[in-house]
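Trainee: A single structure is presented below for examination.
The values are calculated or read from the model by the stated rules, or taken from the named source; none is laboratory data. Here the structure is a predicted model, which means the values were calculated and not measured. Don't worry about glycine lacking a Cβ; one is built from the backbone with ideal geometry, like all the others, and counts go over all protein chains shown. Keep in mind that these areas ignore ligands, DNA and RNA; they rest on the heavy atoms of the full protein, side chains included. Shrake-Rupley method; radii C 1.70, N 1.55, O 1.52, S 1.80 Å.
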Amino acid sequence: MPITMDQPKRVTPIPGDGESLLGVREQNEICDLEGEKFGDIRDWIDTQGKQGTAFLEQEEPRHPLHAELSTRFPDHIVPKPPNKPKSRLHKLERAASLDEKHWRRRFKASQESLTDPNETGSSNGSLPDASMIVNPAGHGSVDLSRESLQSNSLLAPSYPFAVERDSSSPFPNPPDPDTTSSRSSVTSAGKPRLREITSSKPLPQMELNVASRALRTANRIDPDYVDYKRSSQHRLLRQSSSLSDTRLHRNMVCNHCSNESMKSTYSLLTPIRSKDVRDRSYLEGSLLASGALLGAEELDRYFPERRLGIFIATWNMQGRKELPESLDDLLLPSEDDFAQDMYVIGVQEGSPDRREWEIRLQETLGPHYVLLHSSGHGVLYLSIFIRRDLIWFCSEVEFATVTTRMVSQIKTKGALAASFTFFGTSFLFITSHFTSGDGKVVERVLDYKKIIEGLQLPRNIPDTNPYRSNPTDVTSRFDEVFWFGDFNFRLNKDRTGVNAILQHKLGKDMSRLLQYDQLRKEMNDGSIFKGFREGEIQFLPTYKFDVGCDAYDTTSKQRTPSYTDRVVYKSRHKGDIRVAKYSSCSRLKTSDHRPVFGLFEVRIRPGRDNIPLAAGQFDRELYLLGIKRRSSREQQKRQVVKNQKNSAVCAIS
């Protein structure tokens, strides 16, 4: 049936005190003009009602629920005419701000959506209280019963009613009038009040670990600071991670930091109290004294697990002057997530330009590392890089050399060693080049014995355990020993037999080749490298390749592929060294040898402050050259990318 609207009756106002009949007549004339103004709107509403009724009679409802609603509530939605404009008051009103106007528009849109039969009104605005709905015509509020709420909720899930839901009923229930009486949707001033929105589900609990990833520091929180709390929950290390960083990042939590502690510093470093700076003596010479520079307290600050990550690499460069374009594949493999704390690189038959080689190493490692020590013996080079924040805990570096071939003027065979103490653990790194030849096993054993007797280390640094030292064996005077280089031990099998084994898909099982390895046989017999161990070999032989390709020797000599490049280690205390990775770098093809590297986790112990400290000494000139070279390389890359984006035909300036 068409929906019609009764024309409001005209009521002649009675003049009050102080008003004249002329003023009443003017008001009646204004009402007549307003009635004519809204007459067209009433006609349009009647037309839309007739069309909607005809459309509902012709078209079947698309859903059974809609049909039921149309039969039960045919006139449940009654359009209302817009409010009449209020007469302008003579007194000045406060201008509404932009935010208030925006809120009023959104609230009005939400009211219109409640009376929109086609649900075309905006439902993004604020919602009135479920118990009261403001009448657009300004006639007060209309109470909603349970049945009307259920019928309206069935129309659409997004119907804008703010009602409370009962877990046992599928329909929303209207709020209790007693509880909502105090929260009326219309205030005394006539302004609507928004209902408080409550979450339908319980909020998730906050995690105990509230440490942000951005609030990570390179130092460990001191235990004497009561304001800082740290938790040691899950202690899981990645295989090839920087131990000092990963352990710190996962364990350092500051859940109950007070405001006073956070105000004590403007950086992310550990705050230092003025009283501690006055009282602490860093050179006490005690192993466990509070404030000792190399003591347990300082060690736990940087290495909570007391594990140091060390990278060891050896490479026979064949004396070529040309260096690879990039050393990232050797020093920073893509399969490793984190860099190590220390990098030790030994080179045999190195490039004639030793300084250029060291600059390339510094350029690759970047500004986080400094060159702690570099030495050379003929064409044997040894370079030790360490993280720049760890140089304060190193002693002075001492080095020694031994030549095993006295006839040759160029020292191509021999050994180069460097030693120092880090906290309370002494290290010895030896790179060597033994006698070459397939059958010269005895000569290589003699080279080994000559080296361990000829290296006179340490000199000024005290031995950490002199009772276990041997004056005829340099490797017995240090806690951790790493020996790497071109040992030149071959496979006791002809080239044809080795090729037949290599043709099979070996994968990571090299036992069929290693059963002919000369070095393993001599180590098992105890004639060489006594007390040393080696990681499991899961890579192909690293000697001898044709330069620039992966094919083994194709010259007339037909040298047998062998494992000449090795890394072995020895420790005074069992279990101090753990092999994290032992492999070769097959992407560097500028030599007939492939580089071999190993990642090791070494246990560190606290030490006494009675050693000659290096006091942060490093090669400053090399550091600046490497950083400058690295920055210029980045600029060149950006310039190349910029040139590629420009058109070759035309350019826009």
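Trainee: Kindly indicate the residue of segment 409-454 that is closer than 16 Å to GLY350 by Cβ and surrounded by fewer than 21 Cβ atoms within 10 Å (Cβ to Cβ) and also farthest from the chain's Cα centre (by Cα) among those meeting that condition.
Mentor: That would be ILE410.
Trainee: Could you figure out which of (1) in contact with a Leu (Cβ under 9 Å, 6 or more places away or on another chain); (2) buried (at least 23 other Cβ atoms within 10 Å of the Cβ) isn't true of THR314?
Mentor: Going through (1) in contact with a Leu (Cβ under 9 Å, 6 or more places away or on another chain); (2) buried (at least 23 other Cβ atoms within 10 Å of the Cβ) one by one, THR314 breaks only (1).
Trainee: Six or more apart or on different chains, Cβ under 7 Å: which pairs go from a residue in segment 268-293 that's part of a loop (DSSP other than H, G, I, E, B) to one that's among the aromatic types (Phe, Trp, Tyr) and at pLDDT below 70? Could you list them?
Mentor: GLY291/TYR282; ALA292/TYR282; LEU293/TYR282
Trainee: Something else now. Filter segment 491-506 down to the residues that are open to solvent by less than 60 Å² (accessible area, probe 1.4 Å) and not in a helix (DSSP H, G or I) and list them by number. Outline the logic, then answer.
Mentor: As a first pass, look at segment 491-506 and keep what is open to solvent by less than 60 Å² (accessible area, probe 1.4 Å): 491, 495, 497-502, 506.
The answer is LEU491, LEU506.
Trainee: Moving to a separate point now. I'm trying to understand the selection: among the residues of segment 535-556, which are closer than 18 Å to TYR569 by Cβ and open to solvent by 40 Å² or more (accessible area, probe 1.4 Å)?
Mentor: GLU536, GLN538
Trainee: I need the full set of residues from segment 356-369 which are in contact with a strand residue (DSSP E or B) (Cβ under 9 Å, 6 or more places away or on another chain) and either surrounded by fewer than 21 Cβ atoms within 10 Å (Cβ to Cβ) or part of a helix (DSSP H, G or I) (or both), in order please.
Mentor: Hits for segment 356-369 are TRP357, GLU358, LEU361, GLN362, LEU365, HIS368.
Trainee: Continuing with this model, one more query. Do you know which residues across segment 544-581 are touching a residue at least 60 places away in the same chain (Cβ under 8 Å), in a strand (DSSP E or B) and not charged (D, E, K, R)? Explain how you work it out, then say what you get.
Mentor: Restricting attention to segment 544-581, the residues satisfying the condition of being touching a residue at least 60 places away in the same chain (Cβ under 8 Å) are 547, 558-573, 576-577, 580-581.
Then drop every residue that is not in a strand (DSSP E or B), which leaves 562, 565-571, 577, 580-581.
The answer is SER562, VAL567, VAL568, TYR569, SER571, ILE577, ALA580.
Trainee: Out of the residues in segment 588-625 that are open to solvent by 40 Å² or more (accessible area, probe 1.4 Å) and part of a strand (DSSP E or B), which is modelled with the lowest pLDDT?
Mentor: LEU613
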